Structure formats: structure tokens, C-alpha cells
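Data block below; observations after.
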Amino acid sequence: MSRGTIPKPIASTSSFIDDRIGAGNFLKRNLRKIFPDHWSFLLGEIALYSFVILLLTGTFLTFFFKPSMGEVVYDGSYEPLRGVMMSEAYASSLHISFDVRGGLLMRQMHHWAALLFVAGMMVHMLRVFFTGAYRKPREFNWLIGVGLLTLALLEGLTGYSLPDDLLSGAGLRITEGVMISLPLVGTWITFFLFGGEYPGEDVVSRFYAMHILLIPGILLALITAHLMLMWVQKHTQMPGPGRTNTNVVGAPMYPSFMAKSGAYFMFTFGVIALLGTFAQINPIWLFGPYTPSDISAGSQPDFYMGFLEGSLRLMPAWEINFLGFTLPMSVLIPALVPMGIIMTGLALYPFIERWVTGDRSEHHVAERPRNNPHRTSIGISAVTFYGILWLMGANDEIAAFFHVSLNWTTYIGRVLIFVGPAVAYFITYRICLGLQRSDAAVIGHGVESGVIKRLPNGEYIEVHVPQDAGIEAHVRGKQPVPMIAETGAGADGVPSDEARGPLGRLRAKLSKVYGGEKIPLDGDHGHDEHAAIGSGAKDDTAPRP
């Protein structure tokens, strides 16, 4: 088949549809759209397929769940709780788990799919961030991704609270404490959501409406917009042979990518089904119904909310009393600042980087993380910041398991939250420079072959051979990080008023540090004469240029 030939299944299907609704050309063009074949581009599909599974399993659960806090006496199949007063929400959750055929499997698959949905989004965003795939023209799509992650956290919070068991009730109590601590509007928001004093009678029904209608509707709209923008702007691709900013090297949507995506969806579905079958999660029957007077030991939220739990545990007690009003800073700061730092930082980073580097060109070829060491170091610092908070969300379990003081785990966490990201930045930056030097060395004098050669003077060396062409093209795809001129001078050599101001001078210094070429690929990086001789140089004494 020639390069320009349309496969028969596409041509016949397009003709059939074109004769009826006039969309044949659209199908012919889009079914042959090229998709990159690098494995990292499939990470986002984990989140997409998990969302589809969430919709399917969630639809099943809505048939049997009763979003009501009205009290009933349980008379279902679970003997230990028979005769106990509980809410209809908790009773229906038990009914789904023990009396509905396949109900427990659906509940557990729904929960595992939710965890995988958030985890897939996080990993996908990290891939986009570390490879610089958020740069022009994809800033809007990046902002949509940040919005999707934020909504996914809210969706998880509302769904986690619906069964009205003791564990979810403890988390809901923390949520109520955070909301009521908000200045001016906190009391109104709390009374509106709970329908009165905590725990109220309406929170489950209102969370239910948000969980199955409002937030999923917005998520579905944003995911659609995200995919449409990705389709129009085309994929980024990793550097390699023949890959430029004007093309996409890969396989067409039909049949290659369609078959790959179908198999990947079934693989994701299979993993979630296996987890739902063999890995127990959220056994609500062991926790019992929620009552405000009870508390459970060792309570932990789902992983994606663990960093907020950790920030609450690390924050010292601090209140500000002013004009008869109390600001509980020990709640406000941990509830709002870490989330604000992470989400606001993610949203603004493409624009901050563009301002620092002065780079306004389009980018369709992704960067290797090592080739932009400052960006990679900033990303690892943020991951470390998140990870320490997440770890401290279980400081009581850590203290109990390792038999150490709970107070000391808190004190150490308070130090690590500031020291850890700084240390992570320094180590990551040095690793990136080391990897760049390794790339330059391989480009300069080849790859070790394992063949030992003896020189006329009796010395033994290892013969180096040229690097694989595909790998070399991948490495040589490195481009210097853009930077603005230090003086900010115009065509006449005179700095502009903006460049002469404090902000302009700061921008120039930041650009000098952040941008530029750190380790040139073709520079002299200690190319010794042995490497030159081993790779076939004619002059036994001249170093390799």
C-alpha cells in the first residue's frame, strides 16, 4: 500500500457516512491522524479510561444507594450490625455490599478507579511538566489540566463522604472545621452544606448531587475540551530521527493507535477489576455508622487528600483574635496554603517561565527533563514538598509502627517541610548536569564496546564505537534553554525603560540563571587520547576534536 492510499475500511466507511451526512472527508482526515508512539504519551489515557470506568460503576451504584441521613434500624444480612440505628445512606451502602449481586465488586472497583483516576492525572501532569509540553501553544490545555485535577480532588472528597460510615464521618468533620474557619463566609457555607448545625440532615444528599451531577458534568466538559485542543494542536513528541516542530512521527489512529488504545483500555479495566476482586478497600462494615461522639484510631484519608491531613498535623496552634473575631490560623494556613502553592504554582508556571526566558516560539518537540535542570529541580522540589506533607498525614501510624515519639515525628516534619525541597532541588540539579555530561561524553567519543585493545606502548584501552543513530538523534535533540539578553538592550544598544527598572534587572538575572546552555554536547569534556585511539583515530597522540 502506498503512503497516500486510504485503507479500504476507512474509505468504505467514509463513503457510507458521506452519502448520508456529508462527513466523509472529516473521517478520512482524522482516522489517519498520526499519534506518537512513545510510551509516556499513554499515561494520560490511564486517567481517561479510569474516568470511563468510574462513570460505568457509579451509574450501577446510583440504582441502589439512598442519599438520605434519615435514621433506620438495620435488618440486612450483616449480622454484627443488625438492629443498630444508622442513616439510610449507610444502610443502603451495606445493602449494596452484602445483598446486591456484584454490588461489593462494583463498590470496590469504583473506589480503585477513583484512586487510579487521580494518580493517572498526577503522573500525566508530571510528564507534561518535566518535558515542557505545556509551552506555547498548549498553555490553555495546561490550565484545563490543573482545573481537572482540582475538580478530581473535590469529586473524591464528596464521594468518600457518601457512605456515612465512621471513617468518612471523621473526614467530614475535618472538612466542616476547615469550612467554618473561613473568614466572613465560613458559617454561611457550613450551614448551607450541612443544613444547620453539624452534622445536620442534608450533607449527604447535597454531596450526592455534587458527586453525580455537578462535578462529573464539569469534568466531562473539561475532558472533552482537553481532548479537542490536543487534537487540534497535535501531540508533542520526544526528540528523535526526523522529528521536528512541523511534523509528528508515529502511527495513524486507524488501525494502529485504535488497536493500541483498545488494548490499553482493557488492560486498565482488567487491573481495576482484579484490584476490586482481590484487594479489599474501604470495608465500611468494620467501621460502623457515624456518630459525632465516636472517633476511630488510625484514620487515614485516600492518598490524594493525605497532604492536607499532613499539613494540619504539622501546623502549630495559632489563633488571632481581633475585634471580637477569631482567625484560626492553625486551620486556615494548612488548609489553604499548601493547596494554593501547588495549584497556583502549576497554573502560573508556563507564564512565569515564558516571562523569565522571553521564549514566545511554538514548541511541538518535548524536552528531556535533564536538559532543563532548573525546571526539573523545581518540579522535584514540589514533589518533595507534597510527599513530606503526605507522609506526615500518617505520623501517628509511623510513630506507632517504629516505636518513636509522636511529637518528634511532628518536629522532624516541620523541619523537613522547609529543608527537604531545598535539598531535593540541589541534588536534582547536580544529577541533571551529570546526565548532561554523560550525554556529551557519549556523543564525543562513542559507547564502550567491551573490546580491549593493546597499544604499541603496552597500554590497554577499551574500544569505543559510534552510538546508535536513533539514540544519538534523541540526545542531539537537545536545545539550549532560551534566555533574554542580560542588558535588555534594543536594536540601538540602549536598554529599554522596562529593562532598567528593578523588575527588568531581576528578570535579566533570573533568565541568566535559568536559561542558557549548561553543558554543550559538542564541547570539550575531557576527551582523552585513549578514547580517540579506541574509536579509530589515525593520529595516536592527537586528542579527538
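The values are calculated or read from the model by the stated rules, or taken from the named source; none is laboratory data. What you are looking at is a predicted structure, and each value in this text was computed from that prediction instead of being measured. Note: ideal-geometry Cβ built from the backbone for every residue, glycine included; neighbour counts use all protein chains shown. Surface areas here come from the heavy atoms of the whole protein model, side chains and all, with no ligands, DNA or RNA. Shrake-Rupley method; radii C 1.70, N 1.55, O 1.52, S 1.80 Å.
Structure data summary
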{"quantity": "Of residues in the stretch 187-209 being of a type in the set (Phe, Trp, Tyr) and open to solvent by 20 Å² or more (accessible area, probe 1.4 Å), the one farthest from Glu71 (Cα to Cα)", "calculated": "Trp188"}
{"quantity": "Restricting the stretch 234-289 to residues that are more than 23 Å from the chain's Cα centre (by Cα), closer than 16 Å to Gly477 by Cβ and of a type in the set (Val, Ile, Thr), the residue that is least open to solvent (accessible area, probe 1.4 Å)", "calculated": "Val248"}
{"quantity": "Residue pairs meeting the criteria (Cβ under 8 Å; at least 6 apart or on separate chains; first more than 23 Å from Ser205 (Cα to Cα), in the stretch 60-87; second among the charged types (D, E, K, R))", "calculated": "Ser77/Asp99; Arg82/Asp75; Gly83/Asp75"}
{"quantity": "So Phe402, is it among the aromatic types (Phe, Trp, Tyr) and buried (at least 19 other Cβ atoms within 10 Å of the Cβ)", "calculated": "no"}
{"quantity": "Condition met for Ala133 (among the aliphatic types (A, V, I, L, M), buried (at least 16 other Cβ atoms within 10 Å of the Cβ) and under 25 Å from Asn30 (Cβ atoms))", "calculated": "yes"}
{"quantity": "Pair list, Cβ under 9 Å, 6 or more apart: the stretch 320-337 residue in contact (Cβ under 8 Å) with a residue 24 or more places away in the chain, other residue among the hydroxyl-bearing types (Ser, Thr, Tyr) and in a loop (DSSP other than H, G, I, E, B)", "calculated": "Leu327/Ser181; Pro328/Ser181; Val331/Ser181; Leu332/Ser181; Ala335/Ser181"}
{"quantity": "Where Gln108 falls short, out of the listed (1) modelled with pLDDT of 95 or more; (2) open to solvent by 20 Å² or more (accessible area, probe 1.4 Å); (3) not charged (D, E, K, R)", "calculated": "(2)"}
{"quantity": "Filter result for the condition that a residue is at pLDDT below 95, within 20 Å of Phe303 (Cα to Cα), of a type in the set (Val, Ile, Thr) and part of a helix (DSSP H, G or I), over Ile398, Ile380", "calculated": "Ile398"}
{"quantity": "From the options Arg375, Arg360, residue that is under 25 Å from Val128 (Cα atoms), surrounded by fewer than 19 Cβ atoms within 10 Å (Cβ to Cβ) and among the basic types (Lys, Arg)", "calculated": "Arg360"}
{"quantity": "Candidates Val415, Val451, Val404 - the one that is at negative phi, in contact with a strand residue (DSSP E or B) (Cβ under 7 Å, 6 or more places away or on another chain) and modelled with pLDDT of 90 or more", "calculated": "Val451"}
{"quantity": "Residue check for Ala317: without any contact (Cβ under 8 Å) to a residue 40 or more places away in the chain, more than 30 Å from Glu45 (Cα to Cα), in contact with a helix residue (DSSP H, G or I) (Cβ under 7 Å, 6 or more places away or on another chain) and among the hydrophobic types (A, V, I, L, M, F, W, C)", "calculated": "yes"}
{"quantity": "Flag for Leu148 being modelled with pLDDT of 95 or more, in a helix (DSSP H, G or I) and open to solvent by less than 30 Å² (accessible area, probe 1.4 Å)", "calculated": "yes"}
{"quantity": "Hey, Phe385 crowded, with 19+ Cβ neighbours inside 10 Å and aromatic (Phe, Trp, Tyr) or not", "calculated": "yes"}
{"quantity": "Residue that is surrounded by the most Cβ atoms within 10 Å (Cβ to Cβ) [pool: residues in the stretch 299-318 that are over 22 Å from Ser330 (Cβ atoms) and not hydroxyl-bearing (Ser, Thr, Tyr)]", "calculated": "Asp302"}
{"quantity": "Single residue of Lys478, Lys518 found to be modelled with pLDDT of 85 or more, part of a loop (DSSP other than H, G, I, E, B), closer than 24 Å to Gly242 by Cβ and basic (Lys, Arg)", "calculated": "Lys478"}
{"quantity": "Residues of the stretch 344-382 that turn out to be more than 25 Å from Lys478 (Cα to Cα) and either of a type in the set (S, T, N, Q) or touching a residue at least 40 places away in the same chain (Cβ under 8 Å) (or both), as a count", "calculated": "2"}
{"quantity": "Total residues in the stretch 44-80, condition part of a helix (DSSP H, G or I), aliphatic (A, V, I, L, M) and buried (at least 18 other Cβ atoms within 10 Å of the Cβ)", "calculated": "6"}
{"quantity": "Among the residues listed as Phe140, Phe194, the single one being closer than 24 Å to Ser330 by Cα and touching a residue at least 12 places away in the same chain (Cβ under 8 Å)", "calculated": "Phe194"}
{"quantity": "Test result for Thr326, outside any helix (DSSP H, G or I), loosely packed, with under 12 Cβ neighbours inside 10 Å and at pLDDT below 90", "calculated": "yes"}
{"quantity": "Residue list for the stretch 422-471, filter: open to solvent by 30 Å² or more (accessible area, probe 1.4 Å) and of a type in the set (Asp, Glu)", "calculated": "Glu448, Glu459, Glu462, Asp468"}
{"quantity": "The stretch 346-377, residues that are small (Gly, Ala, Ser) and modelled with pLDDT of 95 or more", "calculated": "Ala347, Ser377"}
{"quantity": "Within the stretch 160-170, considering residues that are buried (at least 20 other Cβ atoms within 10 Å of the Cβ) and touching a residue at least 60 places away in the same chain (Cβ under 8 Å), the one nearest to Ser87 (Cα to Cα)", "calculated": "Asp164"}
{"quantity": "Within the stretch 507-523, tally of residues that are within 12 Å of Gly358 (Cβ to Cβ) and either β-branched (Val, Ile, Thr) or crowded, with 17+ Cβ neighbours inside 10 Å (or both)", "calculated": "6"}
{"quantity": "Unmet requirement for Arg173, which otherwise passes all of (1) open to solvent by less than 40 Å² (accessible area, probe 1.4 Å); (2) in a helix (DSSP H, G or I); (3) at pLDDT below 90", "calculated": "(1)"}
{"quantity": "Residue match in the stretch 340-354 (condition: within 21 Å of Arg430 (Cα to Cα), crowded, with 20+ Cβ neighbours inside 10 Å and more than 14 Å from the chain's Cα centre (by Cα))", "calculated": "yes"}
{"quantity": "For Gly217: the one exception among (1) open to solvent by less than 50 Å² (accessible area, probe 1.4 Å); (2) under 30 Å from Val365 (Cβ atoms); (3) modelled with pLDDT of 90 or more", "calculated": "(2)"}
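Conditions (1) part of a loop (DSSP other than H, G, I, E, B); (2) of a type in the set (A, V, I, L, M, F, W, C), marked per residue:
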{"residue": "Leu220", "(1), (2)": "no, yes"}
{"residue": "Thr224", "(1), (2)": "no, no"}
{"residue": "Pro239", "(1), (2)": "yes, no"}
{"residue": "Tyr254", "(1), (2)": "no, no"}
{"residue": "Met258", "(1), (2)": "no, yes"}
{"residue": "Val271", "(1), (2)": "no, yes"}
{"residue": "Gln280", "(1), (2)": "yes, no"}
{"residue": "Ala297", "(1), (2)": "yes, yes"}
